[in-house]
Every structure is written in C-alpha cells, then in structure tokens.
C-alpha cells in the first residue's frame, strides 16, 4: 500500500478569505479594522512594492492591532473565531478533497502563514496536523512580533522538511494558491495550484 502525505496552504486555498484579516475584523470590529489599515497603508504599499518583507509588513499590522494584548484573552477570541467564523470561510470542495485523502489513509497537514493561535482549534476538530506561524509572547502579552520566520514561501519548505522525512512517502500532494506557495508545490509528486476555485 502506498504511503501518502498532503500539504495544504490554508488562506485562499481552503478558505475564501484571508483569516488573519477576518480575525482582526472579528476581534476589533470593522471600523477599527479599516481605520488601522488606513493608518498602516504605507507599510502595506511598501510590502506590495517589494520594499519590505512579508514578515515586516505582517509584524507592523500585528503590532498595531495586538501589541500588549494578554495572551489568554487573545487565545479565547481566536478559539471563538475558529469555532464560529472559520467554518463560514471553508471551500466545500477543499473539505471534500481533505476527506477523500484522509479516507484513503493520507496524512494531511495544514501549512500556513497564519498564526497557529486561530488555526489549531479548527485543525484539531478536523484531525489535521498543523505547521504555522508562531507569535512571540512576553510576560503574558503579545509583542506584535513573529517567533523565528513567518511560515511563508521557502519557510514552508523548511518547516515541512524539519517535521517530515519526505523520502518515507511514496506520494506527496501539495495544494496552494499564491506565489508564496510555489516553493512548497515544488516538493510534490502531485501539485495543485488554485484547485478549488
């Protein structure tokens, strides 16, 4: 029997929207969300123009919205978001694909630049493994910084190789929807780009 493993990007591949942005709206409300992005527009433009990294832009946004937030309060909101809101964003075809893979005995892993704080509960509920961005907590408070590297681009490959010996699998499936997923897709024996649109 063939051994198989599947790696799925989350935001945009499994979901219809970016969960980081949706979490901010859920946590802070739409007015604060749009005001915050107006204030941080220069950083977003700089990232889009390639002047600063994806990680730097993300940390600017994290710092603005969440620096100083007590970790228990943040996690409680993340768990609520995962339970109440993430299911509304899931693409039904993606969920069907995951079920078919799992029914065939495939190990399924979510590999995401979103933070593990709001993905863990959903992954646990669906019996999926998770590799995701980790946020720095200091003295019980969010700092707005990312621990190590944002799980994006080549960092996805590094996380996968650190967690799994791919030589032990006969088939590797990878699913993604942006250029940040391209390095991960190169690991695959079967790669799928924007498969559920």
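Here is a list: 143, 178. Which entry is crowded, with 16+ Cβ neighbours inside 10 Å, out of contact with any helix residue (DSSP H, G or I) (no Cβ under 7 Å at 6 or more places or on another chain) and either in contact (Cβ under 8 Å) with a residue 24 or more places away in the chain or more than 18 Å from residue 17 (Cβ to Cβ) (or both)?
Within the list 143, 178, the selection yields 143.
Could you please let me know if residue 60 is surrounded by fewer than 16 Cβ atoms within 10 Å (Cβ to Cβ), on the phi < 0 side of the Ramachandran plot, assigned to a helix (DSSP H, G or I) and within 20 Å of the chain's Cα centre (by Cα)?
For residue 60, the condition - surrounded by fewer than 16 Cβ atoms within 10 Å (Cβ to Cβ), on the phi < 0 side of the Ramachandran plot, assigned to a helix (DSSP H, G or I) and within 20 Å of the chain's Cα centre (by Cα) - is not met.
Could you tell me how many of the residues in region 65-76 are surrounded by 18 or more Cβ atoms within 10 Å (Cβ to Cβ) and assigned to a helix (DSSP H, G or I)?
Count: 3.
Looking at region 1-16, which of the residues that are within 19 Å of residue 79 (Cβ to Cβ) and touching a helix residue (DSSP H, G or I) at 6+ places or on another chain (Cβ under 6 Å) is surrounded by the most Cβ atoms within 10 Å (Cβ to Cβ)?
The extreme case among them is 14.
Within region 45-64, can you find the residues that are over 14 Å from residue 146 (Cα atoms) and in contact with a helix residue (DSSP H, G or I) (Cβ under 6 Å, 6 or more places away or on another chain)?
Listed by number, the residues that qualify are 47, 52.
So, restricting to helices (runs of 4 or more DSSP H) that lie completely within region 79-197, which ones have at least 3 residues that are over 18 Å from the mean Cα position of the chain (by Cα), modelled with pLDDT of 95 or more and farther than 25 Å from residue 48 by Cβ?
Hits in region 79-197: 92-103.
Of all residues in region 147-171, how many are touching a residue at least 24 places away in the same chain (Cβ under 8 Å) and crowded, with 20+ Cβ neighbours inside 10 Å?
7
Among residues belonging to region 23-34 that are closer than 17 Å to residue 79 by Cβ and surrounded by 18 or more Cβ atoms within 10 Å (Cβ to Cβ), point out the one that is nearest to the chain's Cα centre (by Cα).
The residue in question is 23.
So which of 10, 43, 20, 37 ends up being on the phi < 0 side of the Ramachandran plot, within 17 Å of the chain's Cα centre (by Cα) and not in a loop (DSSP other than H, G, I, E, B)?
20
Which residues, counting only those in region 117-127, are buried (at least 19 other Cβ atoms within 10 Å of the Cβ) and without any contact (Cβ under 8 Å) to a residue 40 or more places away in the chain?
123
Quick one: residue 84 ticks every box in (1) surrounded by fewer than 12 Cβ atoms within 10 Å (Cβ to Cβ); (2) under 23 Å from residue 121 (Cβ atoms); (3) in contact with a strand residue (DSSP E or B) (Cβ under 8 Å, 6 or more places away or on another chain) except a single one, so which number is it?
So residue 84 meets the others, but not (3).
The values are calculated or read from the model by the stated rules, or taken from the named source; none is laboratory data. The model shown is predicted, which means the values in this text are computed figures rather than measured ones. Quick reminder, even Gly has a Cβ in these numbers, built from the backbone with ideal geometry, and neighbours come from all protein chains shown.
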